[in-house]
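Note sheet for the following structure.
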Amino acid sequence: TNNATFTTNELGGLDAQATLTARYGKTLEKTSAGYDPVGQIIHCNINYNYGEDEIAQSDAWIDDIMDNENVVVDSASVVIRKVTFDAKGNPVLTNETLVEGTDYEIVQSATDNRTTFRFLHDIDYAVNIKYDSKVTGIIDQDIPGVTNTATTGGGTPPSHGSVTIQQQGLIKRVSNVN
């Protein structure tokens with residue numbers, strides 16, 4: 001809060017006060033929220049618009065790209081919730097869940113391992129996106145450093161999460177047949 005007093009001989013003192021709330025949250029932050037090696041599920045998390053900027057609908061999207069074709073987003077697991085901030089600026093998940101088809105849509109590419117979360121309206125609030133990615137196919141050895149990259153418009157730098165996919169089950173191979 002800034003206080004000022006303007007004083008003149010004719011008017012005396014005139015007081016003025018102004019308050020500015022500064023927000024410094026990131027536009028995009030991608031993290032891995034855990035990995036279930038038994039179920040072969042990667043729990044993912046994206047924080048979007050934590051600066052609470054006004055984002056036009058045409059720019060309100062996130063591309064989520066896995067660098068391994070054996071991992072796909074489970075669109076049925078997606079939950080997008082609005083986020084507010086407490087007096088110290090810490091994020092607080094609200095109970096307000098956005099509705100697919102009304103507030104956002106999910107588009108999964110048929111040509112690459114890309115899932116797009118597209119908002120259907122302008123947004124001026126922060127959201128948290130939680131979802132699962134499933135491992136498909138046979139994993140016959142650990143795959144370290146599987147990277148998941150989230151990108152969005154407006155010159156925002158990409159954000160990355162990484163996890164090691166672990167082999168599960170028993171793989172039998174014949175080495176020397178005689």
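Could you work out the relative contact order of the chain? I mean the mean sequence separation of Cα pairs under 8 Å and 6+ apart, divided by the number of residues, in percent.
27 percent
For q = 0.13 Å⁻¹, what log10 I(q)/I(0) does the chain give under the Debye formula with an equal point scatterer on each alpha carbon and no solvent?
The Debye formula, applied to the Cα set alone, gives -0.73.
Net charge within 12 Å of V92 by Cβ-Cβ distance, Lys/Arg positive one each and Asp/Glu negative one each, not counting V92 itself?
Once positives and negatives cancel, what remains is +1.
Please give the Cα centre distance for the stretch 103-154 versus the stretch 48-84, rounded to the nearest Å.
The distance from the Cα centre of the stretch 103-154 to that of the stretch 48-84 comes to 6 Å.
Search the structure for amide H atoms under 5 Å from the amide H of A33, placed 1.01 Å from N in the peptide plane, and list their residues when 5 or more places away or on another chain.
The answer is H43, C44, N45.
So if I place +1 on the C-beta of Lys and Arg and -1 on the C-beta of Asp and Glu, and nothing else carries charge, what would the dipole magnitude of the chain be about its Cα centre? I want it in debye, nearest 20. Please report the intermediate quantities before stating the final value.
On the way: 12 positive and 24 negative charges, 142 e Å.
Using only the charged Cβ atoms, the result is roughly 680 debye.
Rounded to whole Hz and in sequence order, give me ³J(HN,Hα) for the stretch 34-50 from the Karplus expression 6.51 cos²θ - 1.76 cosθ + 1.60, θ = phi - 60°, writing x for Gly and Pro.
Result, ordered by residue: x, 9, 9, x, 6, x, 6, 10, 9, 8, 10, 8, 10, 9, 10, 6, 6 Hz.
Solvent-accessible area per residue for the chain at a 1.4 Å probe radius, Å²?
Values: 10970 Å² over 178 residues.
Per residue, the chain has 62 Å² of solvent-accessible surface.
Return the long-range amide H neighbours of I165 (sequence gap of 5 or more, or a different chain), with a cut-off of under 5 Å between placed amide H atoms.
Close amide H contacts, sequence-distant or interchain: I143, G145, V146.
For the chain, with all protein chains present and a 1.4 Å probe, just round the carbon and sulfur fraction of the accessible area to a whole percent.
48 percent
So which trypsin sites (Lys or Arg not before Pro) in the stretch 67-163 end up in coil per DSSP with only 14 or fewer other C-beta atoms within 10 Å? Could you put the intermediate results ahead of the total?
On the way: sites: R81, K82, K88, R114, R118, K130, K134; in loops: K88.
Answer by residue number: K88.
Would you kindly state how much longer the chain becomes between S109 and T94 on full extension, computed as 0.36 nm times their sequence separation minus their alpha carbon distance, in nm to one decimal?
Residue separation times 0.36 nm, minus the Cα-Cα distance, leaves 2.4 nm.
The values are calculated or read from the model by the stated rules, or taken from the named source; none is laboratory data. Model, not experiment: these values are computed from the prediction. Neighbour counts run over all protein chains shown; Cβ positions are idealised from the backbone, glycine included. Areas reflect the complete protein model, heavy atoms only, side chains present, ligands, DNA and RNA absent. Shrake-Rupley method; radii C 1.70, N 1.55, O 1.52, S 1.80 Å.
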